[in-house]
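A quick write-up on the structure given underneath.
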Amino acid sequence: MTVVLHEITLDDRDVRSALLEHSLPLEQQDFAAPAAESLPFGDHDPHRISVAILVDGVPVGMFALDRGGYFREFDDDPSAVLLRAFYVAPEHQGRGYATEAVVATRAFVQQRLPDVKRVVLTVSHRNPAAITTYLKGGLVMTGEDYLGGLKGPQHVMVLEI
């Protein structure tokens, strides 16, 4: 298994097409949005990078790195970026791909966003699977909560670059 992170551009037709076929089960939709919902934001926002999670060249999920958005409400450090909209498609879950993608995020950010020193994310208190994945991938809890989300309280986590 080789997990590679790939910045998604408008020219990545095959990657985009595969990602747009992904859907999430109802019980996961409170926590993440599939590519059909999140990918268009990256296409038109200069502060947001959409990132495909590829396993042996196959798109299995995606996330976004966002320098704007809601997280500026609780973190105004210009050397921080928000990791958001992270998912692995259900048919690829349980294989360690999400954890490997989180681990690979450090090198991806160092290469693509060299001025970034911290990756920040929020994760629902009701999403223990994601919390475990992020912890295994190297993020740590800050001890703070984000209370401004529509889906209830969220832990704030950080990955130092």
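The values are calculated or read from the model by the stated rules, or taken from the named source; none is laboratory data. This is a predicted model, so every value here is computed, not measured. When we count neighbours, we look across all protein chains shown, and the Cβ atoms used for this are built from the backbone with ideal geometry, even at glycine.
Please determine whether any residue of the stretch 109-128 is free of Cβ contacts under 8 Å to residues at least 24 places away in the same chain, in contact with a strand residue (DSSP E or B) (Cβ under 7 Å, 6 or more places away or on another chain) and not aromatic (Phe, Trp, Tyr). Within the stretch 109-128, not a single residue is free of Cβ contacts under 8 Å to residues at least 24 places away in the same chain, in contact with a strand residue (DSSP E or B) (Cβ under 7 Å, 6 or more places away or on another chain) and not aromatic (Phe, Trp, Tyr).
Against the test of being in contact with a helix residue (DSSP H, G or I) (Cβ under 6 Å, 6 or more places away or on another chain), small (Gly, Ala, Ser), buried (at least 18 other Cβ atoms within 10 Å of the Cβ) and under 16 Å from GLY149 (Cβ atoms), the options ALA130, ALA85, ALA98 yield a single qualifying residue, ALA85. Here LEU82 does not fit the description of being free of Cβ contacts under 8 Å to residues at least 12 places away in the same chain and among the aliphatic types (A, V, I, L, M). If you check LEU159, LEU113, LEU139, LEU150 for being surrounded by fewer than 16 Cβ atoms within 10 Å (Cβ to Cβ) and either modelled with pLDDT of 95 or more or over 21 Å from GLU7 (Cβ atoms) (or both), only one passes: LEU150.
In the stretch 85-95, the qualifying residues are those that are touching a residue at least 60 places away in the same chain (Cβ under 8 Å) and outside any strand (DSSP E or B), and the one that is nearest to LEU121 (Cα to Cα) is ALA89. State all residues of the stretch 6-39 that are within 27 Å of VAL116 (Cα to Cα) and under 15 Å from the mean Cα position of the chain (by Cα); if no residue qualifies, say none. HIS6, GLU7, ILE8, LEU19, PHE31, ALA32, ALA33, PRO34, ALA35, GLU37, SER38, LEU39 - these are the residues of the stretch 6-39 that are within 27 Å of VAL116 (Cα to Cα) and under 15 Å from the mean Cα position of the chain (by Cα). The single condition from (1) of a type outside the set (Asp, Glu); (2) assigned to a helix (DSSP H, G or I); (3) out of contact with any helix residue (DSSP H, G or I) (no Cβ under 7 Å at 6 or more places or on another chain) that LEU39 fails is (3). Only one entry of ALA33, ALA52, ALA64 meets the criterion of being in a loop (DSSP other than H, G, I, E, B), among the hydrophobic types (A, V, I, L, M, F, W, C) and touching a residue at least 24 places away in the same chain (Cβ under 8 Å), and that entry is ALA33. Answer yes or no as to whether ARG118 is surrounded by fewer than 19 Cβ atoms within 10 Å (Cβ to Cβ) and modelled with pLDDT of 95 or more. Yes; evaluated as a whole, the condition is true for this residue. Taking the criterion of being touching a residue at least 12 places away in the same chain (Cβ under 8 Å), of a type in the set (Val, Ile, Thr) and over 22 Å from ILE131 (Cα atoms), the residues of the stretch 1-30 that qualify are THR2, ILE8, VAL15.
Taking the stretch 113-138, which residues are of a type outside the set (A, V, I, L, M) and over 15 Å from ILE161 (Cα atoms)? Passing the criteria: THR122, SER124, HIS125, ARG126, ASN127, PRO128, THR132, THR133, LYS136.
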